[in-house]
1. Taking H as built 1.01 Å from N, whose amide H comes closer than 5 Å to the amide H of ARG403, not counting residues under 5 places away?
2. Using a Förster distance of 41 Å, how high is the FRET efficiency between ASN414 and SER262, based on the Cβ-Cβ distance and rounded to 0.05?
3. Below 8 Å, C-alpha to C-alpha, sequence gap of six or more: please give me the relative contact order for the stretch 285-389 in percent.
4. Defining a contact as two alpha carbons under 8 Å apart and six or more residues distant in sequence, what relative contact order in percent does the stretch 152-306 show?
5. Pop out the ³J(HN,Hα) list for the stretch 368-379 in order, Karplus 6.51 cos²θ - 1.76 cosθ + 1.60 with θ = phi - 60°, rounded to Hz; leave Gly and Pro as x.
6. Spin-label point model (7 Å from Cα, Cβ direction): what's the GLN323 to ARG360 distance in nm?
7. Have a look at the DSSP beta bridges in the stretch 152-306 and tell me what percent are antiparallel, nearest 5.
8. Looking at the square roots a ≥ b ≥ c of the eigenvalues of the Cα gyration tensor of the stretch 237-366, which shape do they give, rounded for a/c under 1.5, prolate if a/b is larger than b/c, or oblate?
Amino acid sequence: MKAFDRTSWWPMRSLHCWGFAWATAALLLGNASLSWSATPKTPKTTPSAKQPTRQSDGQAEARLIDIYRLIGGGRTRDALKKAEQLVADYPHFQLAQLVLGDLLSTRSRPIQNVGDVPVELAQAGSQNLQALRAESQLRIAAIKEPPPIDSIPSQFVALSRRNKHAIAVDTAKARLYLFENTTTGTRLLADYYISVGKAGVGKNVEGDQRTPLGVYFITSNLDPKSLKDLYGSGALPVNYPNVLDLRRGKTGSGIWLHGTPSTQFTRAPQATDGCVAVANPDLTRIIATVEIRTTPVLIGKDFQWVRSTNVSSERQAFSDTLQTWARAKKPGQESTLLKFYASDFSAEGRDLGQFSAGLRAEVAKLGNRAVQLNDVSLIRWIDEADTMVATFGEVLEGEKTGRTVRQYWQRRNNAWKIIYEGAIG
C-alpha cells in the first residue's frame, strides 16, 4: 500500500469526537450498506459518465486514510466528497460506509461523543459498531506505526534465492506484509489489513476457530471456481499443522489465506474460522505474486523489525553449524553426525533409532563425495522452545542436482539439535 505518504500523519483529534448514528441505523436495519454488490456499480447515466475506480490492491484503504487526513485537517466538505466516491466504488466497504455516515451526521447536528445514538439502537448494533471501530483503529495504527524502512521481521534469519517472496502476518496489528526477496536484499512490496479467527490466535484443536501461530509454507493455489463464495477470489492453503504443531499434538486442517465474500469488502478483525482473510483485490495481487511451496508464511504477533545486517551474526553462526553437520556426512563419522540429532527426534513415524539406521546406510553410499548445501533458508520461531526451520538444497559433489531438505532444529542446553528431517518437493 503506497498510495499515500506514511511520513506525514495527522493527529486523530477529530476522529474521536465523531458519532455513529447514521451508520448504526443502516447496520441495524440491514439495508444496502450490508447487501450491495462487491463489484463497483456502473452509473446509469450517459456513456461519458466517469466510471468507478478499478479495484486494485491497497487502493481502498489508501483512499480511506486520505479521508481521515482531510477530517483531521478540518476539511470535512472535501472529506465528504471523497467518502461518497469511495462508497460508490466500494459499496461493501462497511468502514467507508461508517465514515460517510459520520460525515453526514455532522452536517445536521453536533456530535457529542462516540456512539451518540439512542440507547436501544446503540445496544442493538453494538457488536457491529465495535467490530468497525476495532478495524478502524487497527488500520490507523498500522499507518501511524509502519515498519522501519528496509527492515524485516527478525524471524527471517536468511531467505534464499528460491524464496522469491515471503509473507509475514502480524495478528496483533491485523496486518499482512508481502516481501520481495532479491539479490540486493529483501524489501516490503505491500501490506494489507487482514482478519483472523473468531476466537483469536494460537490454534490447538480442530474447530477452535483460532488462527495458528508459527512458520508455514504455501502448499497450493486453489481454483476460485471450486470454492464457496465465502472464500472470495481464491485461496492459498498453508501446511498447518506443521512439524512442530504435530509434535505438540495440535489438530485441525484447512488453514488458508483467502478472500472475502461477495457481500463484504473486508471482514471484522476476528471473523474467520481460523484462516487469514484479506480483501479480494489484495488477495488477487498476492496470488499473482507468490509461488507455491517456496513462499514462507510467518504468522505471529508484535514482530521485532530489524535490518538484515542485524541478523548477520545469527545467520553466520547457524550456517556454520549447518555446514559442520554436512561435513560430518562421511563414512567413519557417523557417531559425530548423530550427535546433531535430538534424542526425541522423529520423522514420518520413525524415531531416532529407526532413522539412524537409514542415515548410516545413506552415508555408506556417499563414499568420499562431500555433501554441498545451497539455497539455504533459515526462519526462526521462538515460543516455549527456540526453533530454526532450515530449508536447503543438498547436492553431492560431482552432481548437478540433488534433493531439497527441510530440518527443524531446536536449542537444547545451548546447542542446536535436529528434531525433524525430511525431503520436500
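1. GLU394
2. Step by step, r from the Cβ atoms, then E = 0.15.
3. Reported relative contact order: 22 percent.
4. Reported as a whole number, the value is 33 percent.
5. After applying 6.51 cos²θ - 1.76 cosθ + 1.60, I find 9, 6, 7, 9, 10, 10, 9, 6, 7, 10, 10, 10 Hz.
6. 3.0
7. On the way: 28 of 37 bridges.
Within the stretch 152-306, antiparallel bridges account for around 75 percent of the total.
8. Here the stretch 237-366 falls in the prolate category.
Read the figures in this text as sums done on the coordinates, not as results from a lab. Since we're looking at a predicted model, the values are computed, not measured. Don't worry about glycine lacking a Cβ; one is built from the backbone with ideal geometry, like all the others, and counts go over all protein chains shown.
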